[in-house]
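Novice: Sharing a structure below in structure tokens format, with a few things to ask.
The values are calculated or read from the model by the stated rules, or taken from the named source; none is laboratory data. Computed from a predicted structure; not experimentally measured. Using ideal geometry, Cβ is built from the backbone for each residue, glycine included, and neighbour counts are taken over all protein chains shown. SASA here: full protein model, heavy atoms, side chains in, ligands and nucleic acids out. Shrake-Rupley method; radii C 1.70, N 1.55, O 1.52, S 1.80 Å.
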Amino acid sequence: MRRFGALLALLALCAAAYGQAFPEPRTIKINDRVYVLLGPVQHANQFNQAYMINSTVIVGDKGVILVDSGGTVEVGRHIASAVRRITDKRVTHVVNTHHHGDHYLGNVAFEEATFISSEMCRKMVLETGDEWLRIMERAVGHPLPGTKPIAADVTYPEGISTEAFVHGVRLMFWVPQGSHTIGDLLVHLPDDKVLIAGDVLVNRVVPTLQDGFVRNWIRTLDEIRALGVVHFVPGHGDLMTLDDVTALRNAMLRFYSGVKEGFRSGQSEDEIRKSLDLSAWDKLERSYVIGRNVNRAYLEIEADSFDQ
């Protein structure tokens, strides 16, 4: 079995060298101008070669707005190929929903585009881009010489939703108070009843809290539910309904409340982990992040207790 596993790894690396390692996205057409490219949900590894996100293609009258470009230049090119199967219009704008490398290191495949993010995402890309590149290289098992961090040209500040018109498409660029990360950017298409949420929304995947702010995140999910949206695009996993968003919000609230109750009763992180009912998350993809999630929530609750 070990030899078989090693052979699979070798084949994956060889396939990557010839551009054949990437799984094909599953293309979902929401309407005539909004398409979602559903990618794999596993963390970056030798088999998916760091292709692990959903991207959204918004076809305007003179060009394409792409939301999230992937984790390497090769992933970006793979996504670009999928875009060309939808339209012959050029990608002129790329939106990065946050600073985690799997969502923006593919920017380099669209170097002529205008890049858009939150102000804080741009700051984090400039500060942590090289670190994220190293993370991706370790995950895929080889150097990524053509990949480099590219920060946004256009940014939006925290706490507001800004209306913009790009190629005849009305977009609302919403920067909530730090939720999944300190610099999330959500893209609301009110005329299409679509919300593209990055990793503030995930489906059939355990939410990753390591850079998150749990209380803010729950509040953001409440605000998302009030938007009147029909089609919710998560950063990972299948498209979501309002019921799915509500279920995620409730799971996050149960988790946060359980950690908070344990903290107040004097339990350690390990004791809280053992006492929480995490049966729903244990069955999902990436359940191995639950321990880190407990740690992040515990530290947040502990910090809040100093202000009370």
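Novice: Between segment 124-201 and segment 241-308, what is the separation of their alpha carbon centroids in Å?
Specialist: 25
Novice: Set the bar at 29 Å for Cα to Cα. Now go through Lys29/Lys148; Lys123/Lys283; Lys89/Lys148; Lys123/Lys260 and name every pair that lies beyond it. Each step should come with its number before you reach the end.
Specialist: Numbers: Lys29/Lys148 31 Å; Lys123/Lys283 35 Å; Lys89/Lys148 25 Å; Lys123/Lys260 31 Å.
Over 29 Å Cα-Cα: Lys29/Lys148; Lys123/Lys283; Lys123/Lys260.
Novice: Report D for the chain in µm² per second (integer): Stokes-Einstein, Kirkwood Rh on Cα pairs, 4 °C, 1.567 mPa s.
Specialist: Calculated translational D: 65 µm²/s.
Novice: Given axes a ≥ b ≥ c from the Cα gyration tensor, I'd like to know whether segment 109-229 is rounded (a/c under 1.5), prolate (a/b larger than b/c) or oblate.
Specialist: Oblate, because a/c is 1.5 or more while a/b does not exceed b/c.
Novice: I'd like to check one number: the per residue accessible area of the chain, probe 1.4 Å, reported in Å² as a whole number.
Specialist: Numbers: 13940 Å² over 308 residues.
Accessible area per residue, the chain: 45 Å².
Novice: Membrane-span-like helices in the chain: DSSP H runs reaching 15 Å or more (Cα, own axis), mean Kyte hydropathy at least -0.5?
Specialist: 2-17, 73-86, 119-140, 242-264, 290-306
Novice: Provide the gained length on full extension for the span Lys148 to Glu119, in nm with one decimal, where the gain is 0.36 nm per separating residue minus the Cα-Cα distance.
Specialist: 8.5 nm
Novice: Still on this model: In debye, nearest 20, what is the charge dipole magnitude of segment 146-238 about its Cα centre with +1 on Lys and Arg Cβ and -1 on Asp and Glu Cβ, if you could check?
Specialist: 160
Novice: Taking 20 °C and 1.002 mPa s as the conditions, I'd like the Stokes-Einstein D for segment 25-111 in µm²/s, using the Kirkwood hydrodynamic radius from alpha carbon pairs.
Specialist: In µm²/s, the coefficient rounds to 170.
Novice: Something else now. Quick check on segment 253-308: take the gyration tensor over C-alpha atoms, sort the square-rooted eigenvalues as a ≥ b ≥ c, and tell me if it's rounded (a/c under 1.5), prolate or oblate.
Specialist: Note, shape of segment 253-308 comes out prolate.
Novice: Ignoring ligands, DNA and RNA, what percent of the 1.4 Å accessible area of the chain is carbon and sulfur?
Specialist: 50
Novice: So what is the calculated 222 nm ellipticity per residue for the chain, using -39500 (n - 2.57) for each DSSP H run with n of 4 or more, over all residues, to the nearest 500 deg cm²/dmol?
Specialist: -12500 deg cm²/dmol, from helical runs alone.
Novice: Treating cross-link reach as a plain straight distance, find the aspartates and glutamates whose alpha-carbon is under 17 Å from the alpha-carbon of Lys62, omitting any fewer than eight places away in the same chain.
Specialist: Asp32, Asp88, Glu112
Novice: Related question: Could you grab the relative contact order for the chain? Cα pairs under 8 Å, six or more apart, rounded to a whole percent.
Specialist: Averaging sequence separation for qualifying contacts and normalising by length gives 13 percent for the chain.
Novice: Continuing with the same structure: If you bin the C-alpha pair distances of segment 159-226 every 10 Å from 0, what whole percents do you get?
Specialist: Bins of 10 Å from zero give 20, 52, 23, 4 percent of pairs.
Novice: In nanometres, what is the gap between the two model label sites at Arg90 and Asn45, each 7 Å from Cα along Cα-to-Cβ?
Specialist: Going by the 7 Å Cα→Cβ label model, 3.9 nm.
Novice: Below 10 angstrom from the Cβ of His167, what's the summed charge of the other residues (Lys, Arg +1; Asp, Glu -1)?
Specialist: Charge balance near His167 sits at +2.
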